[in-house]
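To keep things clear, I will list the structure first and then write my remarks on it.
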Amino acid sequence: MEALLAQVDYWHWLILAGILLLIEMLAPSFFFLWLAIAAAVTGIVMLAIPGLDWQYQLVIFSGLSVVSIALFRRYQRRNPELTDQPTLNRRGEQYIGRTFTLDQPIVNRDGSLRVDDSTWRIAGDDLPAGTRVTVTGVNGVVLQVARATD
């Protein structure tokens, strides 16, 4: 096995980069793109230093993979994608500001609320059934509510 790994040349890394780019095109996730870039850079390093041991090649590839993915995730956190539907995949946040009537009382700051076609856990001040509440926030899967002011 080690003899086979010792025969890895620059073009093997470039082929791997191409395969990873193909996977990225078939399953776009921006994950395989960074692996492909790391493989391509490793291939370029191999072109510049032809006799590099396979252990160093793997260290270069894995290091570049981790660094490129970490840098992209950092960039993505600092520059979130702008959209016209920012709460599309955050269902609970879609209810913020809406007013509902409690079917069951809130006891010990815990209760449940029927919202459209589902039941949500809610947290807020203790209130009797029939009270109108407004959703003020979301904590995980629990809607934060307060007595409606209308």
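Rule-based calculations on the coordinates, nothing more; no lab input. These numbers were taken from a predicted model, which means no experiment stands behind them. Glycine also receives a Cβ, built like all others from the backbone with ideal geometry; neighbour counts cover every protein chain displayed.
Checking Ile106, Ile96 one by one, the residue that is under 13 Å from Gln144 (Cα atoms), within 27 Å of the chain's Cα centre (by Cα) and surrounded by 12 or more Cβ atoms within 10 Å (Cβ to Cβ) is Ile96 and no other.
Considering only residues in region 112-132 that are surrounded by 14 or more Cβ atoms within 10 Å (Cβ to Cβ) and of a type in the set (Val, Ile, Thr), the one that is nearest to Arg91 (Cα to Cα) turns out to be Val115. Scanning region 27-77 for residues that are among the hydrophobic types (A, V, I, L, M, F, W, C) and in contact (Cβ under 8 Å) with a residue 40 or more places away in the chain yields a total of 4. If you go through region 138-147 and keep only what is outside any strand (DSSP E or B) and surrounded by 15 or more Cβ atoms within 10 Å (Cβ to Cβ), you end up with nothing. In region 103-121, what residues are touching an Asp or Glu at 6+ places or on another chain (Cβ under 9 Å) and of a type in the set (A, V, I, L, M, F, W, C)? Residues satisfying the conditions are Ile106, Val107, Leu113.
Looking only at residues of region 26-72 that are within 18 Å of His12 (Cα to Cα) and among the β-branched types (Val, Ile, Thr), we find that the one that is surrounded by the most Cβ atoms within 10 Å (Cβ to Cβ) is Thr42.
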